[in-house]
Structures are given as structure tokens and as C-alpha cells.
Amino acid sequence: MKLGYNLAKEPGFEKVVMEPQAPPTSIRKNEKFENVEIEMEEKKEKRKYSTHTLPRESKKKTLNEKIKDVLGGNKVESTFGVRFWASSHESRENRRNSFDSMHSESSTIGRPPKTLERPPIIDFYRDSTQGEEKSRPTIMELIRGVENEDEKIEEFQEKNAKIVESQLKPKRIGNSNKVHPLEKTPENQSKKKFGWIEGVLVRCISNIFGVMLFLRMSWISGQAGIIMGSMIVCLASLVTTITALSMSAICTNGLVKGGGAYYLISRSLGPEFGGSIGILFSLANAVGAAMYIVGFAETCRDFLVNNDMAIFDGGLNDVRTIGLITCVILMMIVFVGLGFESKMQIFLLFVLSIVLADFYIGSFIPPNHSQQLKGMTGYSWWTFKENLYPSFRQEYNYFSVFAIYFPAATGIMAGANISGDLKNPTNAIPKGTLLAIAATTSVYLSLIWIMGASVVRDADGVNVPELLNVSTTLMNHGWWPSSIFAKLFGNGFQNYLQPECVFNSTCKYGLMNNFQIFEVIAAFNPLVFFGVAASTLSSALLCLVSGPKIFQAICKDKIFPYISYFATEYGKNLEPRKAYGLCFLIACSVIVIGDLNTIAPIISNFYLCTYTLINFACFDTSFANSPGFRPRFRYYNLWVSLIGSILCVCIMFVISWFNALLTFMFFGLLFLYITHRKPDINWGSSTQAHSYRHALQYVQKLEAIGEHVKNYRPQILVLTGNPAARPSLVDFAYAITKGNSLLICGHVVPYNLNDSVHQMMNKLQEKMKNWFKRRHIKSFYLSIANPDFRQGIQSLVQLSGLGRLKPNILLIGFKQDWASHGLDGLKEINDYFGLIQDAFSGQLAVCVLRNGHEGLDFSEDMQKHDLFSGFPKAESVSDKLSLKGYFETKGRRASTVLTNAVNFDQNPDVEIETQKQSNDNDSNEISIQESLRQIPKHYNQEQVEILNSINKFQFKIKKGTIDVWWLYDDGGLSLLIPYLLTQGKSYLEHSNLRVFTLSSHTKKIDEQERNLVSLLKKFRIDCAEVTVLSDYSKAPNPELLNDFEDLISPFLYDDTLPDSSLKSPREGLILKTELCAQKERTWKNLRTAERLQKHSSKSDLIVITLPVPRKGLISSCLYMAWLDMMTRGLPPTLFVRGNQQSVLTFYS
């Protein structure tokens, strides 16, 4: 019972509208006065509750009284509104609900009605692994709302999921990538993030400016000259700029997390490329830190020696001591946190800026006498003109000088390496990196030009450089690049008199001889030492931070085993302190070695290898034409990225071909290891995009090519239901395809399609992928929801496959229990018989497998004997034993060996060791039994027998026998399939083929046998034995006839009785007239059963031509009885019937 109130507030007044609602059914006893009372109540309520305005105070009092009446009235019967009558309790409850709804309705005026649909929000697109997942409603929830699943569907799903999960490895519990429990980040603290200046620009500039800035730029200017020196700088900057553009395109294609170059490459090219280069890049940073520290230590050692001081001997021990102390101090700075380290970088860059300013100021100050003796002339046109052209000496050339300079241009990844600590990586990395390259390139070019315009190439320190009256030609011996340069620009001129020391190579000063020209030009010389210290320490500090950050990201992704220990995060900044410690140990070990001349080029190659993959990642991702590649950074081109990648490879070999090969060798080994390990990672890489693109192109190309018998492949649709319930059937089918042809496992889900069934099928699809992977089977799983079994199979037959990749063979298991349910199971028999006819109607070949007396469905046996929990271990046992050939024994079944193994008592976790097979059978059996001691002792006899049956077609049989009963010509499929089973990767590998056939002409048996042998030779199929048997019209064994009659008796219908014409028999029953008409064929099949018992009862597999189920002539029960009698009591038997099209040819 409800009363609706609409309240509208006005200044000083309130308007009350009471709208009566439909009354409930009246329960008055006296109907006589009902109409009169209703009319009186209508008039009364109309006057009482008509719309009117009241002053606020009087209205408030009236409303309170009404609310009091509604919520807490007296317990008397009363009437409310129009046509309402209720008890006091009912009216109180209903009016309370009405009053509550009054406010909710009034508060939602103007809002849309409640719906499951949500507007676009960012939470729907986040990675669910990074926190709580907020998922949008499914399409079925929008259509049908939230409904409870059918209990039968839940039971079906639970049963099938349990069967599959019992055969899979248990999932690991826990996650090693969590924040350390003692160092968890408080909720009120946030991780420190850096902007593009502090996080990228400062770091890149500090890392690019190294010792080369102070010690080698003058030498490069002297060897290559101003023009070629500028070309060297520009070429290196071109490589780094292209790499930065490629990196910018990748990092603006979505959210960038921690890991820097590793993250960009792995998410673009996949874990194989990313993991390999990530390890190399992390190692390069660790060793690079040691190199910079050793460079600083050598500078300090030289400073001490020049001032007649030493720690030990003024040699290598001093370098080691200073280096180790410096490394400890730098590591303490790193452990303090990224915030303090970032401030240190800013301070060191400030020192570098002061030193550079000191150099620029000093270049404008006229040189004093001491500077002139060291070759400085100040800015001079003659000096500029002389140093404009190259003058390569000591067998140096353009590329060798470039190899020495290029390490000075590296360091552009310093900002990207801490991408997880940036506020906005997609904006910061491109902006900061490109500006850093522009700034450092400008400084390097300015140094080349300033030094080339103000210092001569050679000076003896005794005489001031003197100008010649007549300039001489400057000879250039710099390999073919110098010859090309000379043809374009001509040769340079010698404007200054060369000192005597040039001819005996004893000059100590000048661009070519003195590496301290930076100090000579600087206005205040002592500042240069602080510049060298700032450049080396800043670079070392960046390497000590970048390497562990990258290694932590690799550990978190679990690409490599046993390194997740280093993925632990500490503090509010989630710092990799364990990885810091590992990097510190590596750096210290390299510092102790001291001599880094041979290691330095390898590190440069590691950097170049990283640049190569970044450029290739941009090219490959663009070339894949994936709709998901939509970078916001538009200033890139895929072909430019490819050129950059090729340039990096060329530079690697120019610097050192041996070190380049060594780098690629290490990278290749890591790549092959990750590929072999196959990490279960899906990052949507370009490799996946290419796989889809290539698959689509090849399927389309295949569709345009006509079929040919030489290219025939058996493409099998096997009706497994849940494949995990019939693993032996899947194993047998895979023994035929071996991953070289199509295999589809079909499953009819006995429900109508709805959201619950669809979700269940999707979940089962994912589980089956893992099940196939676990069992090493290359197959597809296809499920169809249909309550009718036969209609579902018809849908599978018609819809499975794509283009030419469509099944041409239907493989089914034999229905063992077809006769056990009598007439109650007649529909199932008819469906089974009908699907064989449907397959033939669809031009498919049909194979029917009978697995002896064991059957193929083990779901009930696994549940009955409690194998759901222990099955994975047994399955792994079967994998190891079968694949390693432990059951390749003569005359010894796998079931016997596996059963005997139950009696052994040993630790189940011990790995099976490969043992050499002996030619002696007894010793071979002993080695097998010894290796089987690992089978868990909690398996009993029945469980082991079931496990043996489940994995029967995984155990390899040595010197097996396949009997082929090629009774009728079906195009050759009855012969092709057993041949494929004798090939590699089959449980019957290298088995002997014995071919049997029948002849109705007794006198021509020898001739037919010779013809068959000749045909097999033309088919290039080796057979151990060929037998042609006489097909005489003799009655079968009476005992066999009695068994047949007992089998069909429940399904026999006598249609010869007088009243039989009044009622039609049920479909599938065997009519007496039909049995008489098919007498000869029945006898023939029973005689075939006798021959099979006589000749093939000891074989490992029997392949026999499947009788054709003639429509309208043969009933389903009679056909099933034929198949049952032919295969009863035999080893695994496969019925095969092709679609009467040739699958074999003897033409080349």
C-alpha cells in the first residue's frame, strides 16, 4: 500500500501534493455500504488533501502529523486516501516504503533510469595485473541482466573443468614481485616521479658527456680535420637521433612502465628479443659503471703522481683502491634514493656547465707564451684553414676514428631506463632525449671547430708555431673515404712550419699528440679536473641506477628462472636494492681487474645492439600494420628506422668485427634459450601481428591453388567431447597428423546457447589450450552448443576449418556400450549411425577407432578411482617415459612394466635418467624397472592400469606390427594412414606393415598377390608381408553366429507377423526381412571377424576397411552389430573408409 508525496519547496512556503494510488483488493465483510462509504471518503479526502499552499510553520506541523500517522499510528483499522483499506500495521509498513521512495525519486529527477551500461572510463582499459580490475559489463549482462546460472550447466562445467585441471600443472601460489613486507609503501605516501627535465634531459646530457669530451675531442679534430670531424659527430648523432625517433614512436604508443630499453623492445618484439637484450644491456651498464669509475681513478692517480704523491705504488693498486672506494660511495648515494641521486646529477651537470663555460671563455683569451709553446695560436684563419682538411696518421682512417668517438655519443637511454619513475614517460622521453642529443651535438661540434681553429696539429714545446711564406700541400693517407673526400674538396695546405719532432714522432703537444688540449685552452686549468670527475662520476652513477632498474624489470616478468629474488621492491620508490647489490658486486669485480681496454668495445657493441633492436622494433611494428600501433609521436618513418638499424649493425662491425660477432653470439644464445623455454607471456608484440598477417596471407594463397593428390594431407576432425576425458583418442589422432596437418577436437555441449553456456565454452577453450600444451599436442579445440547430438555434429562438420584448412577425415571412437541400454539407447545408436552417414554425405572420409575392451572415455574411471588430484604426476611420468623410449621393448607391453612399477618404493620427485638400451632383452627390462622407481607409491594397481590405458598411445612400441586389411578400394586411405603411423613421432614408429586382402577367385590368388605387391612398390610403401585370402561363401562358425544372434535379439523386430503392418517399427530396429536380405553380407563380415582373430590377434594395431552404411537398406543396430562382432576381442582396431577419391599416386 503506497501513498505518493511530491514536495516542492518555495521561499517561505511548501506545496504538498498527495496523489492517491490504486487500492488493494477490498476485504470488507459488508458489501452493502461499500459504495456509499467510498463516495463519502472520496468527498472527504478531496477536501482534506486537495492541493493548497500553507505557511511554513503550520505546514510543517501538518506534515509532521501526517508522517507520524504514517510511521507510527495507533493499532486500529483505518482508511487512507481513495479506495484504500488496511490494518494499522500494513499501512505503517507500506507508507514507510512510500516515504523512503519519495526522497529517492525526488533526488533523481532529471537523471536517466538505472542501467548496467557505463560511460567510457580509463579503469576499463587498465592492465588488470597492476591492481584491482574494473571490468565493464558483458554484452549478455546488458541484454539479459544478471541471472543465476542453471544448476545443470554449473554441474556440467564443474565436471569438465575438473577433468581438464586434474591433468594440468598446479598454478603457483603467491607472487614474488610484491613489495618487501618490511618496506611496504604507506598509503599516504606516493612514489617520487620526475619531470622531463630532471628525469630525462639532465640524465641524458650527463651520461653522454663522458671522459671523451675532455680527452679525445682534440685528437679527433687533428686526425679528421674540422670537416670530417664534423661529419663523424653528425654521423653518430644521426644514428642516435634516428634511434631516439624510433624510441619516441614506441614509447608514445601507450603507457610506458619501468624497464627502459628492455620494456620498449620486449613489448614491441616479444620476450625473446627483450629478454636477450635486457640481460646484455643490464650487464653493459654494470661493467660501464666500472669503466667510468676506473677512468676517474686513473685521473686521480695521475693527479697524485704529478704532485709527487701516491697511495701504494702510484700504479694499478692505487687505481684499484681509489676505484673501490669511489664505487662504495656512489652505491651509498644510490641506496639513499633516486631523489638524492637526481639532485647529485643536477649538481654534477652544473659543474660540467661551469667547466664548459671556462673552456669557451679561455678560447677568446689571447694565449700566453706557455700556451703558444704547446701549439695554441688563438682564433686564427691560417690555423683554421690548415686544420680544415683531414691528416690521418698511424694507419687511422675515418671509420677507426669514428669507432673511437662513437662511445661519446651513447647514453641516450639514460632517461628511458628509469621510465617507471617518470611522471609522463610518453611525453618526457621524446622531448628530453631529442633535446639532449641536440645540446650535446652542438657542444661536440663547437669543440671540434674551436680546437681546430685555435691549436695546430704539432708543437714541440720549445718553439712557437711559425707561418710559412708559401703553403705546401697536405698529404692525406686515410683509406678510401679520404680519397673520396679529396676528390670532392681537394687536399689541404700546410700553413705552419712543422717542427723536427714530427718526422721522428716525438712531439708532445698539439692536437695530434696532447690529450690535455681542453686544459690548455681553459681559462682556469684546475676546473678541468673537476669536469673530468663530474663527467665520469655522473655517468657511473647513471649506470649504477639504470642497470639494476632494467634487471629488476626482467626479473618481474619471469622470463628467466631463478632470478625472481632480485625483483623485490623496497621503499616508497620501489627500488631494486637486491639488484643494486648485484650490480655493485659486478662493478667491483671489474674494477679489481683494472684493464678495460678489451672490454670497452664489447660494451659499446652492447649499446649498439640495443639501438639496433629499438630501430628494428619501430620498423617491424609499423610494417605489421597492426591497428594497435597508433603513436602520438608522428615524426618517424619505418624505412628511416630500418636504415638506422642497419647503420647500427654496420658501426658494430666497423668498431670491431670480432667483438660484434661475440655480441651477436651472446645475444643468440640468450634468444635461443628463451625461445626454447617458451615463457607464458602475451604482450601483443609485433611478432604476433606478423603471425596473424602471414597466416591470413598463406590461407588466401592456399585457397587460390588447386588441390593435387601429391599434396594430400589427412586433416582430421576427431569427436572427442571433452578431450581430457578421451586423451588416448587424441593421442592416436595426433600420431597420424604429428603436427604436420590439421587436427581439430570437436565437442558438442548439450545445451542451448546462452550467456552462461558461452562463458563456460570460453573457459573450457582456454583450459584446453593448456591441456594440449601440457600433452605436447598441436591441435585446435572447437565446441558447439546444441542439445541435439547429431545436429551438433552436423554443425561441426559443416563449420569447422577455414578455406583449404578444412577437415577431410572424421575420426570417432567406437560406441562400446551401444547394446547395453537396449531399446532405451536406440536414439543414441541412431545418432551415431547417422553421423557416419552425414560425414559421407559431406564428402569426408570416416575412421572409427576401437580400443580393445578398454574403451576411450576415462572420465568415470578417473573420478571413481580418485585420479583427479594425482593425475598430473602420472601424466608427466608417461610423458617422460614414452618420449625417451623406455617402453621400446620387444614382446613386453607398457601396461606390464607400468603395473610392476607400483611395487617399487622411491621418492617420486627423482628425475628419470636416460639409460642406454642394451641389445639383451633381460638387461633392457631391468634398466626400465630401475628407471620406473620414481612412480609415486600412493598409486594402487587399478590406478596404474587406468593411467596406462589413458597414455596407451604415447608409449612407443619397438618392432611393432600393423595389420592392414585392405578389403575394398577406397582411394588408398586405408593404406596411407597405417603408413603414416610407421613414421617418426608415432607410438608405432618403424613398425612392420602386413597387408591382407580378399579374392573371390581362388585360382588367381597368386596373380592378385603379385599385382598388389607391384602396386605397393609403385606407391613406395614397404610392407613386410602381403597376403591374399580366398573369399569363399562358407557359413561362419556356429558359435560366432550364436553370439551375433544374442547380440541383436533385443533389437530384432519381426515384420512378417500379420499384425506388424498395423504399426510401424521404431527407427533403427533390425527387421526380420532386412536380416534375411543382408544375410550374405552379414556372413561375410562374420567370416572377416574369424580371419581377424586367426591372423591379427597378436598385432599392435589392425586397420580394416569400414563397411559402407547404405541408406535405407541397413538399420543402425545391424550396422553396429557388424562392427562390434568384427572387432570383438581384438587389439586396437581402426576402421577406415575414404571418400572414394585417390589419396595415393605413383606419378612424380
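The values are calculated or read from the model by the stated rules, or taken from the named source; none is laboratory data. These figures come from a predicted structure and were not determined experimentally. Please note: Cβ atoms are built from the backbone with ideal geometry, for glycine as well, and neighbour counts cover all protein chains shown.
Observations
- Some residue of region 270-285 being part of a helix (DSSP H, G or I), more than 28 Å from Gly628 (Cβ to Cβ) and either touching a strand residue (DSSP E or B) at 6+ places or on another chain (Cβ under 8 Å) or of a type outside the set (Gly, Ala, Ser) (or both): yes
- In summary, Phe619 fulfils each of the numbered conditions (1) within 25 Å of the chain's Cα centre (by Cα); (2) assigned to a loop (DSSP other than H, G, I, E, B); (3) in contact (Cβ under 8 Å) with a residue 40 or more places away in the chain with the single exception of condition (2).
Here is a yes/no grid of residues against (1) buried (at least 18 other Cβ atoms within 10 Å of the Cβ); (2) touching a strand residue (DSSP E or B) at 6+ places or on another chain (Cβ under 6 Å):
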residue	(1), (2)
Leu993	yes, yes
Thr1002	no, yes
Asp1006	no, no
Val1013	no, yes
Phe1019	no, no
Asp1046	no, no
Ser1049	no, no
Lys1072	no, no
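- Take the conditions (1) part of a helix (DSSP H, G or I); (2) closer than 21 Å to Asn740 by Cβ; (3) of a type outside the set (Asp, Glu); Gly971 misses just one of them, which is (1).
- When residues of region 546-596 are limited to those that are within 19 Å of Glu341 (Cβ to Cβ) and in a loop (DSSP other than H, G, I, E, B), the one modelled with the lowest pLDDT: Asn573
For (1) touching a residue at least 24 places away in the same chain (Cβ under 8 Å); (2) of a type in the set (A, V, I, L, M), each residue gets a yes or a no:
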position	(1), (2)
Cys650	no, no
Leu662	yes, yes
Phe671	yes, no
His676	no, no
Lys701	no, no
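- Entry remark, region 989-1032: residues being of a type outside the set (A, V, I, L, M) and part of a loop (DSSP other than H, G, I, E, B) number 11 in total.
- Out of Gly315, Gly323, one residue alone is crowded, with 16+ Cβ neighbours inside 10 Å and of a type outside the set (A, V, I, L, M, F, W, C). It is Gly323.
- All of Gly834, Gly822 fail the test of being in contact with a helix residue (DSSP H, G or I) (Cβ under 6 Å, 6 or more places away or on another chain), buried (at least 18 other Cβ atoms within 10 Å of the Cβ) and more than 24 Å from Val164 (Cα to Cα), apart from Gly834.
- Test: Ser986 is of a type in the set (Gly, Ala, Ser) and either farther than 18 Å from Thr1145 by Cβ or in a strand (DSSP E or B) (or both): yes
- For region 443-472, the set of residues classified as in a strand (DSSP E or B) and either modelled with pLDDT of 90 or more or not hydroxyl-bearing (Ser, Thr, Tyr) (or both) consists of Val455, Ala459, Leu467, Leu468, Asn469, Val470, listed by residue number.
- One residue stands out in region 372-403 among those that are among the aromatic types (Phe, Trp, Tyr) and outside any loop (DSSP other than H, G, I, E, B): the one that is surrounded by the fewest Cβ atoms within 10 Å (Cβ to Cβ), namely Trp381.
- Criterion applied to Phe350, Phe335, Phe340, Phe312 was being in the same structural domain as Phe530 (by TED's automatic domain parsing) and in contact (Cβ under 8 Å) with a residue 12 or more places away in the chain, and the one residue passing it is Phe335.
- Criterion violated by Met413 - all others in (1) assigned to a helix (DSSP H, G or I); (2) within 36 Å of the chain's Cα centre (by Cα); (3) crowded, with 22+ Cβ neighbours inside 10 Å satisfied: (1)
- Residue match in region 745-763 (condition: under 25 Å from Leu976 (Cα atoms) and buried (at least 23 other Cβ atoms within 10 Å of the Cβ)): yes
- Failed item, numbered, when Tyr1053 is tested on (1) buried (at least 21 other Cβ atoms within 10 Å of the Cβ); (2) free of Cβ contacts under 8 Å to residues at least 40 places away in the same chain: (1)
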